[in-house]
Structures are given as C-alpha cells and as structure tokens.
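Comments concern the structure below.
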Amino acid sequence: MAASPTHPVTQLGRHGLSVGLGIGNVTMADLNAYIAALEKKLAELSGIEVDQIHKNQLANAADEARAITEMAEYVSSIQVQQPGVAEAGVVNPQIAAVYDYINAELGEARGAHSLPPLKYEYSALEPHISALIMEIHHQKHHNAYITNLKACTEKLKQAEEANDVGAMNALLPAIKFNGGGHLNHTIFWTNMAPDAGGEPSGPIADAINEEFGSFQNFKDKFSAASVGVKGSGWGWLGYCSKNDKLAVATCQNQDPLQLTYGLIPLLGLDVWEHAYYLQYKNLRAEYVKAFFNVINWSNVNERYEAARKSAGH
C-alpha cells in the first residue's frame, strides 16, 4: 500500500497551483521558492532554458484543473425541478452503464466511491515514472474525480426523486467525465507494477501475436495511437467479446472505453499531461516508451482471461 504524502515538498509539486486540487498548508511563497530552486539546479546541471518549460507547465496544470473545476461548477448549476414541473422523457442508458462499469471494476455501489490504495509505493515505478508524479496523480487528480463523481451522484439522486429526466440527462457529461476518470485511473494503477515490463507470456501473449503478428507490432501500434491522441485522453488495449479479438483504441478526455467502443479494457495508458509533464515535459513519446517498462502483464492477462470467460469463449 502506498504511503500517505507527508513531506511539504511532495505535497506541493507544480500541480499545487491547480484550482480545486488543494495544496495543504503550502504557501505560494513556499511554492515559488521550491520551483526557483529546482530551476536553478536544472540550469546548473544541464544548461536547459527553463523559463518556457516553467510557463508551459503552469499553463498545463491550470488547464487541467480548470476542466475539473468547470465540470464541478456545471454539476452545481443543474437545477432539479419539483415533481409535476419536471421534464419527462427517457433516461440515457449511458448513465447507468458508467456506474455498472465502476461496480464491476471496484465493487462500489453507486455513490459509495473512494480512492483505491495502490499496491506499491509511489517511488516503486522509478526511474520510469517519478514518485512525485505518482503521488500527485493518485492523491490529487484521481481523488478530484471521485469528489466530483459523488457530487454528480447526489444531484442525480435528487433528479430521480423529482422524476426530472431532463436534469438526469444533463448530468451525463459530468458522470462520464468523473466516473470515467475514477474507472480509468483505477485500471491504470493495476496495469502497472515495479520490476515489471518486458514481453507478456501466456494467453494474452498468444492473443497479441495472433491479432498483431508480433509483440513488436502491437507495441508500435499502441505507442503510435497513444502518442497521437489529440489533446487529453487515453490509449487502450481492449477486448471485443463479440468476435473474441483484441483491438487498440483511443478515447478522448475520460470517456470509458467500454462505453465508447464496446471494448472491455485490458491495458490503459493515461496521456493527459498530468501523467508525465513533470518528468517528461512535452515529450509524450518518451513517456509512452517508458510505460512499457512498468506494464503489469500478469494483471493484463488476468483481465483478458476473465473477459473471455465472461463472454463464453
């Protein structure tokens, strides 16, 4: 289980500027001093010009925080009408589907969502993914999606009690965004492990070779797709239960893979900039390359075998 963050430096990070993500008791002066010290050391060691990197980094952190905050504000802005005044109609089935996927992955009832503990320390994936990134990503970003998902669920309950179908359906974008964020990150954490990576073995290896011709072909296709995601999103290896085959796919933002393509998620790679920018800056391709050093193929294989069994293959 991962240790809880206690050190003030690891608490702040660059993402400490993010609206709504929280930075504990760290002051702006502490943050500026910490960043200045890092930049000075970086310049001494490498001669890299850090001013533009700094500006880009703060902008990226602010952009993501803004997206999360705006979604929370959107949920708050939805007004549930009183019974008799509420809009009738058909509830979008995707709302229930998101909660069903979360329940299948985590065993969580609707509204009873919590941050799943990691099975390894934040530093366990170094040098491929830094401890600071893992800590901020897990404690701040994933937790923010859970907080917003709970708010969505409470507003959904109010809409259901009033039979306000319009308000229910208006919540779908926020439920997909925050519910997907919770689901996707949960899969992501289990898809990685220390002392992992390399090539898979067992049934998943056979399936990869059958579908893509070789592991290298799969690696190339998955990497190209993940690097090529426009803006923020995810790269996925999924399983199609209808034809008993694997497929590489990408999803924008936090859209769940199964909701988007009907594919069961086996392996997911977060290519939102919060997942790599502190370490790899804008070099997403280097981050994707490093990801292959921490893939927990045992977990991927378990997911694949469970998916096939559930599909009757």
field: Residue-wise HN-Hα coupling along segment 229-237, computed from phi with Karplus coefficients 6.51, -1.76, 1.60 (Hz; x: Gly, Pro)
entry: 4, 7, x, 10, x, 9, x, 9, 10
- prompt: Dipole of segment 176-277, Cα-centred, from +1 at each Lys and Arg C-beta and -1 at each Asp and Glu C-beta, to the nearest 20 debye?
  reply: 340
query: Taking the Cα centre of segment 219-313 as origin and charging only Cβ (+1 Lys, Arg; -1 Asp, Glu), how large is the dipole, in debye to the nearest 20?
result: 180
query: Using bins 10 angstrom wide from zero, how does P(r) for segment 230-276 break down, in % of all Cα pairs?
result: 30, 52, 16, 2
task: Provide the FRET efficiency to the nearest 0.05 for the residue 220-residue 158 pair, computing r from the beta carbons and using R0 = 41 Å.
output: 0.25
query: At residue 123 and residue 211, where each label point lies 7 Å from the Cα along Cα→Cβ, what is the point-to-point distance in nanometres?
result: 3.7
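Each reported figure results from applying straightforward, stated rules to the coordinates on display, with no laboratory input. Since the structure is predicted, the reported quantities are computational estimates derived from the model, not experimental observations. Methodologically, a virtual Cβ is constructed for each residue, glycine included, from the backbone with ideal geometry; neighbour enumeration extends over all protein chains shown.
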